[in-house]
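S.K.: My structure is below; once you've seen it, I'll send some questions.
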Amino acid sequence: MSESLTRQFKVTKHAVRGKGVVVAQNARAAEVGADILRRGGNAIDAAVATGMAIGALEPWMSGIGGVGFMTLWSAREKRAFTVSYGPVSARKLDVSQYKIVGPGPANPFAWPDIHNQNNEVGYHSIAVPGMVAGHGKVLERFGTMKWKDVLAPGIALAERGMQLDWYMQVMIANGAEHLSKFPASKAAYLCDDGRVPTSDWQGTPRYLPLGNLGQTMRRLADGGPREFYEGSLARDIVADLQAGGSAISLDDLSSYQAAIVDPLSFEHHGVTFNVAGGLTAGPTLRRTLELAGDRTRGKGVPDAEFFVAIADGMHTAYVERLKTLGDKPNNTSTTHFCVADSEGNMVALTQTLMSLFGSGVMLPRTGITMNNGMLWFDPEAGRPNSIAPGKRPLCNICPVVVVKDGQPWFCIGASGGRRIVPAVTQLSLMMIDRGLDVEAAFHQPRVDVSGVGPIRVDRTLSEAVKKAIADKQPIVEVDAQIAPLGFANPSCIVRDPRTGELTGMNEVMSPWAGGAAQ
């Protein structure tokens, strides 16, 4: 068997340290957040600025047409909260638009095929987006800066356009089939003849205009968050949606509200996990830790028992999740970032357009690339997660804040669909149960248990570990590759309880991921 080209070199990445730290899947977005901290903003201000800017830097992952969840620790209130701003289906949704026409992939949990891919591509796949509502609500409750000021960096980036590089070319190439179906999307992301845009041999910086997104961001800054849901911007959004066949109405937008709620909190070996609950992957994380029990404890680099405990626990947790809730394995385009400041605030934030470039639709009037949140629903009728009007779907998002001795210790999360929970679980337990520092933990090989198919095992794990897992569950050895990332795209910030110093770390194999310090 020929070896992967990526096995010819070893990739390492340095942590970032400071009194305030931002780590994100895009290092330029992290710098936006760090600059907010330098200007006197807190972690919530920086998180909103980062989240609103990152959509202009990696618009296939997230943007104001998307959704998300965040878990945060408020230093002022000395407790954790979850902010929920997930997708909601249109109130007048026509379920007949999602007619099943085939059995789908041959595994017990994947969705069947839907007519015209209406749950995945195009206007029928779009759910009511919650990102603007969520960011507006968390800034009002926990932030210190004005909405207009935290949006300013994102406006500048949206007006400048995306800087083209090799990684962006890979993402656009992967999304080209769907992007080419919609005029505004094709005009923004592809050449006139449908080719993927390229750079010249000199590497001259090239920026791709993002339609009217810059102007839209200015309107949003001037009008406030509710402009997206109730103002003239909302009317332009709905006009474009309905022109394309979407059932989303102005009433759907105006009635949308994000929620600040109690997190799902539970104990594990002397620390408290605070994670988004409900229809997120938080309950699956909790169940995995319950099933793993004490078997993950030890000292130093994880051993075979550590990985077997996680593989067994997660396999069972996913079987339970999928039987009772429903879910679909897919290549999601999600982004996660973490922010922490010198005051003790911490934010773990995951936001998404769902699939690569979401629905593939860029709205002509506004330049907003829209989500395909309908893909998160089960198209089979009569199930807990079945498609229905005015409903919220199940998702894999899992932002976490871990508290030790009454103080926030670390925040962590990831992007990567079903691969999120395995990554968050292993990295968290490497620090909690094995005593590794965050930089060492992120350089350890991992496994992926996604509930469908064999357990995917990093080829560089020891033979003893691989054999121990294989004795319990079928495995397949894979490389930790760059694209698509094989073991999710996590990021984490850890606070030293003695000094207060913050250390941030990103997925080693992610080429754009990085951090910035205050």
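Only the coordinates and a few stated rules stand behind these numbers; no lab work does. Remember, predicted model here, so these are calculated numbers, not experimental data. Virtual Cβ from ideal backbone geometry, glycine too; neighbours counted across all protein chains shown.
S.K.: Going by how many other Cβ atoms sit within 10 Å of their own, how do L291, L179 line up, fewest first?
M.R.: Lowest count first: L291, L179.
S.K.: To continue, here is another question. Starting from the Cα of K466, draw a straight line to each of the aspartates and glutamates and keep only those under 17 Å, dropping any in the same chain fewer than 8 residues away.
M.R.: Hits, sequence-local ones excluded: D303, E305, D312, D448, D458, E477, D479.
S.K.: Considering amide H positions built from the backbone, and no H for Pro or chain starts, which residues 5 or more places from G390, or on another chain, come under 5 Å of its amide H?
M.R.: Residues meeting the criterion, in which the H sits 1.01 Å from N, are S89, A90, R91, L93.
S.K.: Looking at region 4-104, which chymotrypsin sites (Phe, Trp or Tyr not before Pro) are in a loop (DSSP not H, G, I, E or B) and have at most 12 other Cβ atoms within 10 Å?
M.R.: Those that pass, being in a loop and sparsely packed, are F9.
S.K.: Peptides 182-191, 424-433, 459-468: what's the order by average Cβ count within 10 Å, highest mean first?
M.R.: Listed from highest to lowest mean packing, they are 424-433, 182-191, 459-468.
S.K.: Quick one: which residues, 5+ away or cross-chain, put their amide H under 5 Å from the amide H of L356? H built at 1.01 Å from N.
M.R.: Amide H neighbours of L356, under 5 Å, 5+ apart: S333.
S.K.: For region 79-84, in order, what is each residue's ³J(HN,Hα) by Karplus, 6.51 cos²θ - 1.76 cosθ + 1.60 with θ = phi - 60°, in whole Hz (x at glycine and Pro)?
M.R.: Values, residue by residue: 6, 9, 9, 10, 10, 9 Hz.
S.K.: Sticking with this one: Explain nothing, just the number: dipole magnitude of the chain about its Cα centre with +1 on each Lys and Arg Cβ and -1 on each Asp and Glu Cβ, in debye rounded to the nearest 20.
M.R.: The calculation lands at about 420 debye.
S.K.: For region 395-408, just list the computed ³J(HN,Hα) in residue order, Karplus coefficients 6.51, -1.76 and 1.60, θ = phi - 60°, integers in Hz, with x standing in for Gly and Pro.
M.R.: Karplus values, whole Hz, x for Gly and Pro: 8, 9, 5, 8, x, 10, 10, 9, 10, 10, 6, x, 10, x.
S.K.: If the cut-off is a Cα-Cα distance under 13 Å, which aspartates and glutamates reach K148, setting aside same-chain residues fewer than 8 apart in sequence?
M.R.: Those aspartates and glutamates meeting the cut-off are D45, E140, D222, E227.
S.K.: Let me ask something else about it. Can you list the residues of region 211-251 with backbone N under 16 Å from a point 7 Å past the Cα of R91, pointing along Cα to Cβ?
M.R.: 229-231, 235, 238, 247-251
S.K.: A follow-up question, please. Full extension from C191 to D437: what is 0.36 nm times the residue separation minus their Cα-Cα distance, to one decimal in nm?
M.R.: Here the answer is 84.0 nm.
S.K.: Given 0.36 nm per residue, what is the gain on full extension from D222 to R76 after removing their alpha carbon distance, in nm?
M.R.: Additional length available on full extension: 49.7 nm.
S.K.: Quick check: pseudo-label points 7 Å beyond the Cα along Cα→Cβ at Q257 and Q202, how many nm apart are they?
M.R.: If labels sit at Q257 and Q202, their model points lie 5.7 nm apart.
S.K.: Tell me, what HN-Hα J-couplings in whole Hz come from the Karplus equation 6.51 cos²θ - 1.76 cosθ + 1.60 at θ = phi - 60° for each residue of region 14-25, using x for Gly and Pro?
M.R.: 3J(HN,Hα) across region 14-25, in whole Hz: 8, 6, 10, 10, x, 7, x, 9, 10, 10, 8, 5.
S.K.: Give the Cα extents of region 95-170 along the principal axes, in whole Å, largest first.
M.R.: 51, 37, 23
S.K.: Relative to the present Cα-Cα distance, how much length would full extension add between H115 and K99 at 0.36 nm per residue of separation?
M.R.: Separation in residues times 0.36 nm, less the Cα-Cα distance, equals 5.2 nm.
S.K.: Related question: Please enumerate, by chain and number, the lysines with C-alpha under 27 Å from the C-alpha of K467, excluding those fewer than 8 residues away in the same chain.
M.R.: Straight-distance partners of K467: K10, K299.
S.K.: Another one. Could you grab the Rg to Rh ratio for region 273-419? Cα atoms only, Kirkwood for Rh.
M.R.: Expressed as Rg/Rh, it is 1.02.
S.K.: Further question on the same structure: Dipole magnitude of region 274-432 about its Cα centre, charges +1 at Lys/Arg Cβ and -1 at Asp/Glu Cβ only, in debye to the nearest 20?
M.R.: Dipole size: approximately 400 debye.
S.K.: Please order T198, T503 by the number of other Cβ within 10 Å, starting at the fewest.
M.R.: Fewest to most other Cβ atoms nearby, the residues stand as T198, T503.
S.K.: Give, to the nearest whole percent, the P(r) tail of region 345-457 beyond 16 angstrom, counting all Cα pairs.
M.R.: Roughly 71 percent, rounded to a whole number.
S.K.: Within region 288-313, list the residues whose amide N lies under 13 Å from a label point set 7 Å along Cα→Cβ of K467.
M.R.: Within reach of a label on K467, which here means backbone N under 13 Å from a point 7 Å along Cα→Cβ, region 288-313 contributes 304.
S.K.: Taking a ≥ b ≥ c as the square roots of the Cα gyration tensor eigenvalues, with a/c under 1.5 meaning rounded and otherwise prolate when a/b beats b/c, else oblate, which class fits region 115-225?
M.R.: Cα axes put region 115-225 in the oblate bin.
S.K.: Ok, one more. Counting just the Cα atoms, what span does region 391-518 cover along each of its three principal axes? Round to the nearest Å and put the largest first.
M.R.: Ordered largest first, region 391-518 gives principal extents of 44, 44, 30 Å.
S.K.: Based on the Cα gyration tensor of the chain, what are the three equivalent ellipsoid semi-axes, each the root of five times an eigenvalue, rounded to whole Å and given largest first?
M.R.: 32, 27, 23
S.K.: Quick check: net charge around R419, other residues with Cβ under 10 Å of its Cβ, Lys/Arg +1 and Asp/Glu -1?
M.R.: +2
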